[in-house]
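First up is the structure itself, then whatever we jot down about it.
The values are calculated or read from the model by the stated rules, or taken from the named source; none is laboratory data. No experiment lies behind these values; they were computed from the predicted model shown. Don't worry about glycine lacking a Cβ; one is built from the backbone with ideal geometry, like all the others, and counts go over all protein chains shown. When the accessible area is computed, the model is the full protein with side chains, heavy atoms only, and any ligands, DNA or RNA have been set aside. Shrake-Rupley method; radii C 1.70, N 1.55, O 1.52, S 1.80 Å.
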Amino acid sequence: MTLASSPAIETRGLTRLFESRKGFLFREITRTEALRGIDLEVERGAIFGLLGPNGAGKTTLTKILSTLLLPSAGVARVLGHDVSRETAWLRPRIGLVLGGERGLYNRISGRENLRYFADLYGVPLGERERRIDEMLERVDLVESADRRVEEYSRGMKQKLHLARGVLHRPEILFLDEPTIGLDPKSARETRKLIRSLVSDGVTIFLTTHYMFEAEELCPRIAVLSKGRIVAMDSVDALRRLVGGDRTLEAEAYGFDDRELEALRALPGVSKVVTEEFGPVMRLTLRVRTGDLGLEEVRSVLAGRPELSLRERRTSLEDVYLDLVEEEAR
Ligand SMILES: Nc1ncnc2c1ncn2[C@@H]1O[C@H](COP(=O)(O)OP(=O)(O)OP(=O)(O)O)[C@@H](O)[C@H]1O
Ligand SMILES: [Mg+2]
């Protein structure tokens, strides 16, 4: 296999342990296994989404893949090169945008920040100003470009981070919660920018807590939970994995065990979850298209005149919650 045809990202048994000291004289050592044997393969030229609860290990994985942090065990290759040993080759080809406001120089303007990072990344001087103008335009910061960054709002800083992350035209871009703190219009423009980078040929590895964002942007998604990948596939395949692309919801003033049993026994029903909302009880059923219709459910629950029934497509949020709950059990 030539390097050019190697996957964008490839990991085998990737593990990361953190040791921190606390307590009296910091004698107590706590060990956290942030990543426990990650096997991952990400193709070039697309957006790969990484989802998972707080503390699952997303930022740790992002930092290892972008050469910021060393693994404790296992291997990771990005663009065919080892992230622990080939950092000099990799760094100019990698872009990284971590969420948050740190990492910018507050006392100077946005434009001056970009000049600083352009020089640091080795952007040719003759191209520098043109690229900076282009990036300011793409993240909609032209009007504030010459204000000091300390005067920027959180969202403006996030946009400047994004501009900084792609200034050197990386082949692969790591985005850790890129739209956090952005207003809806800016978040949408950021997603548009992300898509346009992909059409320029950039591979993107993205973490997010926004399910619709992952669904909209990412042909392939991995769900990380407690340092392990619990599922990895397309959104459609993940819908099938959790038992159905359709979700039926029934609401009434309570359901009894006999009804629940009868619903569970219907062909094609993979899951029945009950939730209470004050006096109202909601049943959620995961089903596959073609296996079951609303009418069959209605006939089981015929004794409830107040019944409200609806059907919708299983969302990525449903899938995510199913996967993460299953893992927690
Ligand atoms: N420098 C560190 N020292 C000790 N423990 C750490 C360190 N960095 C991360 N951890 C631990 O590793 C685990 C994974 O953290 P990580 O930041 O990767 O999670 P995450 O999936 O990015 O979460 P979030 O969605 O909240 O950003 C957590 O248990 C965290 O406490
Ligand atoms: Mg994180």
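When the solvent-accessible area of the chain is split by element, carbon and sulfur atoms take up 50 percent of it, the probe being 1.4 Å.
Does anything in the stretch 113-131 have its amide N under 16 Å from the 7 Å Cα→Cβ label point of residue 151, and if so which residues? Residues 113 qualify, since their backbone N sits under 16 Å from the label point.
Would you calculate, for the chain, the mean residue ellipticity at 222 nm contributed by helices, counting each DSSP H stretch of 4 or more residues as -39,500 (n - 2.57) and dividing by all residues, to the nearest 500?
-9500 deg cm²/dmol
Distance from the alpha carbon centroid of the stretch 205-273 to that of the stretch 31-61 works out to 20 angstrom. Taking label points 7 Å from Cα along the Cα-to-Cβ direction, residue 329 and residue 275 give a separation of 1.7 nm. How far, in degrees from 0 to 90, does helix 316-328 lean away from the longest principal axis of the Cα atoms of the chain, to the nearest 10? Relative to the chain, helix 316-328 is tipped by roughly 80 degrees. Computed from point charges on the beta carbon alone (+1 for Lys and Arg, -1 for Asp and Glu), the dipole magnitude for the chain about its Cα centre is near 1200 Debye. Would you please classify the overall shape of the stretch 73-215 from the alpha carbon gyration tensor, given that a ≥ b ≥ c denote the square roots of the eigenvalues, rounded means a/c under 1.5, and beyond that prolate means a/b larger than b/c while oblate covers the rest? Since a/c reaches 1.5 but b/c is at least a/b, the shape of the stretch 73-215 is classed as oblate. For the stretch 263-298, backbone nitrogen atoms closer than 15 Å to the point 7 Å from residue 257 Cα along Cα-to-C-beta are found at 263-264.
Protein heavy-atom accessible surface, 1.4 Å probe, per residue over the chain: 50 Å². Label positions at residue 85 and residue 234, each projected 7 Å from the Cα along the C-beta direction, are separated by 3.7 nm.
What FRET efficiency comes out for the pair residue 107/residue 133, r = Cβ-Cβ distance, R0 = 25 Å, nearest 0.05?
Numbers: r = 22 Å, r/R0 = 0.89.
The calculated FRET efficiency here is 0.70.
Label point of residue 72 set 7 angstrom out along Cα-Cβ; within the stretch 31-52, amide nitrogens under 19 Å from it belong to 31-40.
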